[in-house]
Amino acid sequence: MKRDIQFARTIETPYERVRDRLRDEAAALFGGAGPPLRTTLAARLRGTEISRDVTVEIIGYDEPHAEAVGAHLMFSADAALHGELFPHLEARIDAIPVADERTSLALIATYKPPLGVIGGAVDTLGLHHLAEHSLGDLFERIVSGLEG
């Protein structure tokens, strides 16, 4: 069973600047240098901060041609240690120009809980909230990097 998570936000930054940062400075947006590129996913669960170092792989960058608009940065992430016990993440960041020097950003992610049926059950019972919160935190850090 796969789970989808999405976040979206419009920022007061011209699309061209956002596009260039996604294309040329992707590693910096994740807060690290590579290879391997590493960052931390963190969230609060019932008042307790939980974090996990992850290895990020930039899969690719794409800009549509002709009349289509937008830029897309594709990446994956896995736990840096004991990856078999944590979800594998596939995601992309979409940037689309909007009026008045603003850019619409979206993070679209899919993850698959580890450990088959047992992992899926544990995820359903509450760990999906941890994934949502940690990806929300990552999205906000990326947004901050694109706004600056």
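Read-outs: derived from the displayed coordinates by stated rules, not from any lab. The structure presented is a predicted model; accordingly, all values stated were derived computationally and were not measured. Counting neighbours? That spans all protein chains shown, and the Cβs are built from the backbone with ideal geometry, glycine included.
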Within the set Gly70, Gly47, Gly119, GNM on the chain using Cα springs under 10 Å gives the largest fluctuation to Gly47
Everything considered on the Cα gyration tensor (a ≥ b ≥ c; rounded for a/c under 1.5, else prolate if a/b is larger than b/c, else oblate), segment 1-94 must be described as prolate
Within segment 3-147, the percent of DSSP beta bridges that are antiparallel, given to the nearest 5, stands at 100
Taking a label point 7 Å from the Cα of His88 along Cα-to-Cβ, the residues of segment 105-125 whose backbone nitrogen sits under 14 Å from it are 110-116
Most fluctuating of Ile11, Ile118, Ile58 in the GNM of the chain (C-alpha, under 10 Å) is Ile118
Taking a label point 7 Å from the Cα of Val69 along Cα-to-Cβ, the residues of segment 17-55 whose backbone nitrogen sits under 14 Å from it are 17-19
When the chain is treated as a Gaussian network with springs between alpha carbons less than 10 Å apart, the largest mean-square fluctuation among Ala79, Ala121, Ala28 is found at Ala121
Row for segment 17-56, column shape: gyration tensor on C-alpha, a ≥ b ≥ c, rounded if a/c < 1.5 i.e. under 1.5, prolate if a/b over b/c, else oblate; value oblate
Scan of the chain for trypsin sites (Lys or Arg not before Pro) in DSSP loops with at most 11 other beta-carbon atoms within 10 Å gives a longest site-free stretch of 47-148
